[in-house]
């Protein structure tokens, strides 16, 4: 299965296939609006604005799996848009671990193992996907987006390597 075969749901309920982003680099992030890492929205948005014309898309997936998210996708998206000025696509609430994990997280975690296994350990785990749809890097919650900007630049130049 390719990442492009996966369907996702935007915060407004619109369902679409990740094929929409074929040929683009993706930064897939599990988010939470009530987490200590929530200020990372600012850096994620800055990277999105800086590189979107070069082919980067940041995709936010709110999750309450760690009990730090608001009740609905609309509330979560509204919070990050109002507080942090987020303009990149925000999606419906998802699970990131377990049998009921959303297919996008089952896919990216199978391609990029974590330090202590496949599962997502906390909010703001980030997965960098190249233009061919391969996960080329995984970043932990504490990894600030600005620290891996060079990796994004490399993926945008030559998406086979980081």
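Just so you know, all these numbers are worked out from the coordinates, no wet-lab data involved. Everything numeric in this text was worked out from a predicted model, so none of it was measured.
Multiplying the residue separation of residue 9 and residue 87 by 0.36 nm and subtracting their alpha-carbon distance yields 26.5 nm.
Using alpha carbon centroids, what distance separates segment 1-17 and segment 20-67, in Å? Segment 1-17 and segment 20-67 have Cα centres separated by 15 Å.
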